[in-house]
1. Looking at residue 17, is it in contact with a strand residue (DSSP E or B) (Cβ under 7 Å, 6 or more places away or on another chain) and touching a residue at least 12 places away in the same chain (Cβ under 8 Å)?
2. I need the full set of residues from region 181-216 which are at pLDDT 90 or above, over 19 Å from residue 261 (Cα atoms) and out of contact with any strand residue (DSSP E or B) (no Cβ under 7 Å at 6 or more places or on another chain), in order please.
3. Just to verify a result, which residue in region 20-56, among those that are in contact with a strand residue (DSSP E or B) (Cβ under 6 Å, 6 or more places away or on another chain) and part of a loop (DSSP other than H, G, I, E, B), is surrounded by the most Cβ atoms within 10 Å (Cβ to Cβ)?
4. Being in contact with a helix residue (DSSP H, G or I) (Cβ under 8 Å, 6 or more places away or on another chain) and not in a loop (DSSP other than H, G, I, E, B): is that true of residue 103 here?
5. Among residues belonging to region 283-294 that are surrounded by fewer than 21 Cβ atoms within 10 Å (Cβ to Cβ) and under 21 Å from residue 108 (Cα atoms), point out the one that is farthest from the chain's Cα centre (by Cα).
6. Looking only at region 64-117, count every residue that is free of Cβ contacts under 8 Å to residues at least 40 places away in the same chain, over 17 Å from residue 303 (Cα atoms) and touching a strand residue (DSSP E or B) at 6+ places or on another chain (Cβ under 9 Å) and tell me the total.
7. Taking interchain pairs and intrachain pairs at least six residues apart, which have beta carbon atoms under 7 angstrom, with the first residue in region 141-161 and touching a residue at least 60 places away in the same chain (Cβ under 8 Å) and the second exposed (fewer than 14 other Cβ atoms within 10 Å of the Cβ) and assigned to a loop (DSSP other than H, G, I, E, B)?
8. What is the residue count in region 1-19 for residues that are part of a loop (DSSP other than H, G, I, E, B) and touching a helix residue (DSSP H, G or I) at 6+ places or on another chain (Cβ under 9 Å)?
């Protein structure tokens with residue numbers, strides 16, 4: 001039995017709208033994805049807010065941000081929808097405690113540092129016989145490898161940074177911004193770096209994916225500027241080591257900076273105004289969208305992001 005009469009007024013469309021708003025963060029995108037009007041989406045949100053006695057989603061400049069209650073509800077509502085689909089399909093659900101499975105994920109170092117450790121601990125804590133193998137991301141979304149099932153999932157930067165993902169499913173995991181890191185005794189500006197200051201300095205370039213393209217130099221090129229790169233490193237940690245004791249600048253994601261930078265050794269500077277933010281996205285094929293094991297993996301990743309406050 002339901003503990004609230006308000007819950008009796010909810011239907012499947014309301015739950016689908018909840019999931020879509022949580023994942024898309026944009027009412028217009030939700031209405032397009034579900035093929036309903038924006039007024040229908042707004043009406044469903046109103047019913048959800050009344051039924052669960054919470055705002056659920058707060059309209060911000062970056063989109064519809066979930067409240068703590070919405071973040072806690074997300075995985076449970078996914079389970080409800082998954083169970084309904086299983087009832088219709090008559091297929092047995094994936095049970096991670098019973099079935100040993102190996103997932104192959106193509107992802108950048110960002111994912112390995114920020115999400116993978118917590119994901120593996122989640123598997124261990126649940127006594128799940130799950131193995132996850134990470135292949136380093138190259139330059140473009142490996143559409144062919146996804147279609148041939150050589151990868152269960154691709155994690156990449158966005159929006160639309162790594163080329164066309166037409167015909168594939170995608171979901172944004174989190175948003176981040178770029179931050180400049182310098183040695184504690186950096187002799188340059190003490191405040192935010194102007195565009196002129198930024199390009200006048202010497203830079204370390206980390207290559208968290210196998211490509212010579214990056215969002216920083218692409219943005220600078222559109223401003224009619226170039227920076228001087230004095231060294232390229234294969235990892236964020238190696239790049240930080242090259243900054244120590246120098247006047248070099250390293251520009252890296254703020255979440256990685258918070259995770260890796262020793263405040264006794266390094267200081268931060270705001271990058272030039274206008275340097276764009278970015279997203280971390282999951283991409284998978286149509287077959288995987290119907291696979292219960294793949295659905296479970298994506299749910300685990302989303303729940304890690306929610307529980308760790310990454311969204």
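1. It is false that residue 17 is in contact with a strand residue (DSSP E or B) (Cβ under 7 Å, 6 or more places away or on another chain) and touching a residue at least 12 places away in the same chain (Cβ under 8 Å).
2. Scanning region 181-216 gives 194, 195, 196, 197, 198, 199, 200.
3. In this case the residue turns out to be 25.
4. Against the criterion (in contact with a helix residue (DSSP H, G or I) (Cβ under 8 Å, 6 or more places away or on another chain) and not in a loop (DSSP other than H, G, I, E, B)), residue 103 qualifies.
5. 288
6. 2
7. 141/163
8. Adding up the residues that qualify gives 4.
The values are calculated or read from the model by the stated rules, or taken from the named source; none is laboratory data. As the structure is a computational prediction, the values presented were derived from the model and not from experiment. Every residue, glycine as well, gets a Cβ built from its backbone with ideal geometry; the counts of neighbours run over all protein chains shown.
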